[in-house]
Amino acid sequence: MSNDWIDVGAASEVADGAVREFTLGHTRIAVTRRGDAWGAINGQCNHVGGPLGQGRLDGDYVVCPWHYWKFHWQTGAGEPGYEADRVPSHHIRIEAGRILVQRAAATPRGHLPHPPHPLARPPERAAGSIRVLGLSTTSMTLDQPRYSTSEDLLEHALDSAARDLGCETRLIRFRELRVRECEGFYSKSARACTWPCSITQMDSRDQMEQVYEGVVHWADVILVATPIRWGAPGSLYSKMVERMNCIQNQETLHQKHLLKNKVAAFIVTGGQDNVQAVVGQMLTFFGELGCQFPQFPFIAHSRGWSAEDMERNQAVVRDSKGLHEGAQALAARGVQMARMMIEASEGASTFVGGGRKAQSEEAVARVPPGNA
Ligand code: FES
């Protein structure tokens, strides 16, 4: 046997139609079997390094398990239209029930140019007045609008920020965006959760980009409004923050601070009380993104346990001078905090990061089990 041919495993380990991962020295390879035919390609995906050998076969292509890029099972070429985006291929043969793969690749890796997504630009605050972004996560049927207590208070906060404080304002009603659910790339691997979000990069119809653009590149103050649903934030809030995990994950993976000098504050309304728990979740999440909070970072309103007269509750909020003034004051506290932070950081060139985990993924990986 030539030294160039490496025994990587038993042929019986690869079922017909399956893709399996083997190692060739320090190189991962993806071995595929189709009847008596075999294929071996490099196991590291061109995108962000996903493990092709843990993928699956779709026709003639191995599908990366992370974000579904495809490479020909024998040649390593990208799928039609992307042939030049290829991973190396290796000669393979079966001998006495063993899989032999030639160490040197038969064809090289190739990369098509992929222009960076616009969101990938460095986040730098543009000069100008304080910018306040309102994120309403209440849900309703789009062509059957209804009164929302949380959105009403948010609109008052934004109106006041523009009228009384000279701010630029923007309101995103999350329900009006076509946004795909987070697909849990992070659950496959922290590195599979990318910035910009892989869904945003793959699917131009997905409109989460508007939230990313507003939160990362535009806003100084982020006001988030949610209803309470069975003691928790509304489902659209949860959907939104799941897609925002990629912002926090940049801190974990790369110590990359996408949010600097940003203030977050919250408006929570509901039919029954659980305000502290809901706000606790929101404070934790936006704190993990790197946001600061003004004194008294939320306002809330809820009906009691035995009150089921929600039609009256709507009238109470709609007519409440105190709640509307409270919303305006919340915006003012957020704007004041943002002004202080922006002025204090002028000329400052360093930012001490860390986040909750306080250390990088690499540092965590170096700690032996039991010594954490
Ligand atoms: S598709 Fe393979 S790493 Fe993203």
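The values are calculated or read from the model by the stated rules, or taken from the named source; none is laboratory data. These numbers come from a predicted model, not from an experiment. Virtual Cβ from ideal backbone geometry, glycine too; neighbours counted across all protein chains shown.
Results, tabulated for the structure shown:
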read-out	value
Qualifying helices (runs of 4 or more DSSP H) (wholly inside the range 284-372; at least 2 residues being out of contact with any Pro (no Cβ under 8 Å at 6 or more places or on another chain) and modelled with pLDDT of 90 or more)	310-318, 321-345
Some residue of the range 191-203 being buried (at least 18 other Cβ atoms within 10 Å of the Cβ), touching a residue at least 12 places away in the same chain (Cβ under 8 Å), in the same structural domain as G134 (by TED's automatic domain parsing) and of a type in the set (D, E, K, R)	no
Matching residues, the range 105-152, being polar (S, T, N, Q) and within 30 Å of V268 (Cα to Cα)	S129, S136, T137, T138, S139, T141, Q144, S148, T149, S150
Per-region count, the range 228-237, residues among the small types (G, A, S) and crowded, with 18+ Cβ neighbours inside 10 Å	1
Residue ranges of strands (runs of 3 or more DSSP E) in the range 64-104 with at least 2 members buried (at least 21 other Cβ atoms within 10 Å of the Cβ)	70-72, 98-102
Hits in the range 46-63 - residues which are within 12 Å of the ligand (Cβ to nearest atom), assigned to a loop (DSSP other than H, G, I, E, B) and within 25 Å of R93 (Cβ to Cβ)	G55
Condition check for A37: away from the ligand (no atom under 12 Å from the Cβ) and under 20 Å from A11 (Cα atoms)	yes
Cβ-Cβ under 8 Å pairs, at least 6 apart or on other chains, the range 66-78 side within 10 Å of H47 (Cβ to Cβ) and of a type in the set (A, V, I, L, M, F, W, C), far side assigned to a strand (DSSP E or B) and more than 6 Å from the ligand (Cβ to nearest atom)	W66/P51; W69/V63; W69/G78
